[in-house]
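Here's the structure we're looking at; comments come further down.
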Amino acid sequence: MLQQLKKLSLFALLLVSQILFAQSDKEKALAKLREGIELMDDGKYEESIKALEEGQKLNPDLLDFPYEMAYAHYLQKDYKTAIRLLEKLTSRKDVIPAVFQLLGNSYDYLEQPDKALEVYDAGLRKFPNSGMLHLEKGNVYWIKKDYAKALPFYEKGIEVDPRFPSNYYRAARIYLSSNNEIWGMLYGEIFMNLERNSKRTAEISELLFDTYKKEIKFTSDTSMTVSFCQQMTMDVSALKDPKNIKLPYCFIYEPTLMLALDMEKKIDLVSLNRIRTRFLEFYFKQGFNKTYPNVLFDYQQKVKDAGHLDAYNTWLLQMGDEEGFEKWRSDNENKWDNFIKWFADNQMKVDNNNRFHSTQYN
């Protein structure tokens, strides 16, 4: 009996040591993964690949190792090696959308756009709600400057993955360069709330300001024009049931903006704050927020209720008038500081139940 207990104790110790050894290997593997990524971030690609290969030996089942090695080769413009590594990952049960993104991009850089689209489509069959993959499909056409073909993919990405900011950015860029800027104004502002501090944020801030200035014209002391939409048209069949008529959104946006322009004589950072504040008041007073629900205007109302709308409007459009912004901030230091603190803790809630995409109104 004693001999049997000794054997059991020895077996238990051996089992524990094996578990501890396995845990140690996994910990070492993760350390190598972190090391490899840090080296890659520093541009040391060969050292990065070596560290990742060492980590893979310790934990060969972890998807991160072959994916990160493929990314290191991709950054070195060794797209063929990246493709060879990534192709092996596409059929794995633990595959992620980023695998299809990187694989498709590698084909695109090898000037094989049809193959890239094939890869993105394969990814979308597995991950139909991936904003990232819809973005990449659009980017194939963006690179060719075929914006009409790119736009539907960005809009679909917005619809299925409303938290992913890049589709808003691309769609806003396209619309703000068209004669249908209204959607660019909305997408651009939502983008800035999802991605608050980047070069792209500054770029969209300036574009929004410039679009206001370009499309609002004071033709005399008593008249003005706004032009954010294509020529407004309406299907006659919609008039057959007057109780259920839903006007094209441009019939709502532009007239409401015209009302908000009352008493204004020019467009600058200060006047745009007043215009946007009045627009929001009219929008809710007329009940448009119920007929045309929009996560952006709901958020603006939240900002207004918290007493920060003027600071928010100034933040939003600051890059269009940097001198005016610095003056406003200097004159309103406490107001600005209070807004920034509130803003950090009260982000716009965008999800499948709180979102906006243009097809909601079309």
*Does any residue in the stretch 124-145 that is within 16 Å of residue 158 (Cβ to Cβ) and buried (at least 20 other Cβ atoms within 10 Å of the Cβ) come within less than 6 Å, Cβ to Cβ, of a residue that is of a type in the set (Asp, Glu) and at pLDDT 95 or above six or more places away or on a different chain, and which pairs are these?*
131/161
_Among (1) acidic (Asp, Glu); (2) without any contact (Cβ under 8 Å) to a residue 40 or more places away in the chain; (3) buried (at least 16 other Cβ atoms within 10 Å of the Cβ); (4) not in a helix (DSSP H, G or I), there is one condition residue 264 misses while meeting the rest; what is its number?_
(2)
*Would a scan of the stretch 309-320 turn up a residue that is charged (D, E, K, R) and modelled with pLDDT of 95 or more?*
yes
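Residues checked against (1) at negative phi; (2) at pLDDT 95 or above; (3) of a type in the set (A, V, I, L, M):
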residue	(1), (2), (3)
155	yes, yes, no
164	yes, yes, no
186	yes, yes, yes
211	yes, yes, no
223	yes, no, no
240	yes, no, no
_Which count do you get for residues in the stretch 315-362 that are farther than 29 Å from residue 291 by Cα, part of a helix (DSSP H, G or I) and either of a type in the set (Gly, Ala, Ser) or touching a residue at least 40 places away in the same chain (Cβ under 8 Å) (or both)?_
8
*Would you be able to say whether some residue in the stretch 124-138 is assigned to a helix (DSSP H, G or I), touching a helix residue (DSSP H, G or I) at 6+ places or on another chain (Cβ under 6 Å) and among the hydroxyl-bearing types (Ser, Thr, Tyr)?*
no
*Determine the pairs where a residue that is without any contact (Cβ under 8 Å) to a residue 60 or more places away in the chain and part of a loop (DSSP other than H, G, I, E, B), located within the stretch 73-102, has a partner that is surrounded by fewer than 17 Cβ atoms within 10 Å (Cβ to Cβ) and of a type in the set (Lys, Arg) with Cβ atoms under 8 Å apart, the partner being 6 or more residues away or on another chain.*
95/126
*asked:* Take residues that are free of Cβ contacts under 8 Å to residues at least 40 places away in the same chain, acidic (Asp, Glu) and out of contact with any Cys (no Cβ under 6 Å at 6 or more places or on another chain) and tell me which of the helices (runs of 4 or more DSSP H) falling wholly in the stretch 158-236 contain 3 or more.
replied: none
*Does the stretch 267-281 hold any residues that are closer than 17 Å to residue 206 by Cβ and basic (Lys, Arg), and which are they?*
276
*Select from the stretch 65-93 the residues that are over 26 Å from residue 140 (Cα atoms) and not hydrophobic (A, V, I, L, M, F, W, C) and list them in ascending order.*
93
*asked:* If I ask for residues that are out of contact with any Pro (no Cβ under 9 Å at 6 or more places or on another chain) and β-branched (Val, Ile, Thr), which ones from the stretch 291-315 would you list?
replied: 291, 303, 314
*asked:* Regarding the stretch 180-194, can at least one residue be identified that is aliphatic (A, V, I, L, M), within 18 Å of residue 150 (Cα to Cα), within 12 Å of the chain's Cα centre (by Cα) and surrounded by 23 or more Cβ atoms within 10 Å (Cβ to Cβ)?
replied: no
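The values are calculated or read from the model by the stated rules, or taken from the named source; none is laboratory data. None of the values given here were measured: they were computed from a predicted structure. Cβ sites come from the backbone with ideal geometry, for glycine too, and all protein chains shown count toward neighbours.
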